[in-house]
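The next block holds one structure in the form of structure tokens; read it before the comments.
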Amino acid sequence: MGTLKDIYEVVKEALKDLKDLAKKAKNQEMIDLAMDIQDKIFEIKDQMQELKDTNSTLVNNLQSANNEIQRLNNLLVDYENVKSRLNNIERDSGDLAFYNQEVTLHFTEIHYIYTTSTIFHKKTLTFTLDNVFKAISLEMMTPVNKDKFVSAFTSLCGGYAVEEKEALQIKAQFLALGLIDISTNKKGEELISLTPKGLKEMQKLNTIKQGDNE
């Protein structure tokens, strides 16, 4: 079976023969009919080209959509893998995987008023993830934005601010552990809040045990 282009060429050639015969026969009706058919063929050809262009665009859009779906699927797999690894190392006692998991954080001294001669002191401190969560979860009794989440780390080192990249890495770990949830407000701003699991863990970590205040 020929392509549409081949069919078009055959029809065009047959139309040419029809016009030649009509002219020889001096039959005006046949000539008018041949011209009308020719116009229709040209119209069909234009429509065929439009359909071809539209199909090409749809194919490209479909490919882009498939690539985006694949990217999102890969992100989901990465997230599930992290979550699975964290869940697998949770203690038999029910404690979360972040107990005794150490993280090193870098802090820079905060200056609200400073001059060109001001010296910014830095500190490098190591904490366990549960102690980090114990401190910053108290600042998350209501949903907070990203900046407030990062500034909550100041409670770990008074007068010093943590590096934002490190705070956001810990945020990802808390998210994978199911301790926090991410949403957006009407302005499209990210909001970070404690999940029921996170609230329960915060209460457990911050409960004063007998002997703690002695």
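The values are calculated or read from the model by the stated rules, or taken from the named source; none is laboratory data. Only a predicted model underlies this, so the values are computations on that prediction, with no experimental measurement involved. Cβ sites come from the backbone with ideal geometry, for glycine too, and all protein chains shown count toward neighbours. To get the accessible areas, we keep the full protein, side chains included, count just its heavy atoms, and leave off ligands, DNA and RNA. Shrake-Rupley method; radii C 1.70, N 1.55, O 1.52, S 1.80 Å.
Quick look at the values:
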quantity: Members of the stretch 123-154 found to be among the polar types (S, T, N, Q) and farther than 13 Å from Leu105 by Cα, listed by number; calculated: Ser137, Thr142, Asn145, Ser151
quantity: Per-region count, the stretch 33-70, residues farther than 26 Å from Glu13 by Cα and of a type in the set (A, V, I, L, M, F, W, C); calculated: 5
quantity: Single unsatisfied condition, Ile182 versus (1) over 14 Å from Thr195 (Cβ atoms); (2) in contact with a helix residue (DSSP H, G or I) (Cβ under 8 Å, 6 or more places away or on another chain); (3) without any contact (Cβ under 8 Å) to a residue 12 or more places away in the chain; calculated: (1)
quantity: Lys123 vs. criteria without any contact (Cβ under 8 Å) to a residue 40 or more places away in the chain, in contact with a Phe, Trp or Tyr (Cβ under 9 Å, 6 or more places away or on another chain) and not aliphatic (A, V, I, L, M); calculated: yes
quantity: Index of the failed condition, Lys40 passing every other in (1) open to solvent by less than 90 Å² (accessible area, probe 1.4 Å); (2) more than 30 Å from Leu177 (Cβ to Cβ); (3) modelled with pLDDT of 70 or more; calculated: (1)
quantity: Selection from the stretch 188-203 of residues that are modelled with pLDDT of 90 or more, out of contact with any strand residue (DSSP E or B) (no Cβ under 8 Å at 6 or more places or on another chain) and either surrounded by fewer than 18 Cβ atoms within 10 Å (Cβ to Cβ) or among the basic types (Lys, Arg) (or both); calculated: Pro196, Lys197, Leu199, Lys200, Gln203
quantity: Within the stretch 111-187, helices (runs of 4 or more DSSP H) holding 1 or more residues that are more than 23 Å from Thr207 (Cα to Cα) and open to solvent by less than 60 Å² (accessible area, probe 1.4 Å); calculated: 146-151, 164-176
quantity: Residue satisfying all of: in the stretch 61-110; at pLDDT 80 or above, among the β-branched types (Val, Ile, Thr) and surrounded by 10 or more Cβ atoms within 10 Å (Cβ to Cβ); farthest from the chain's Cα centre (by Cα) among these; calculated: Ile110
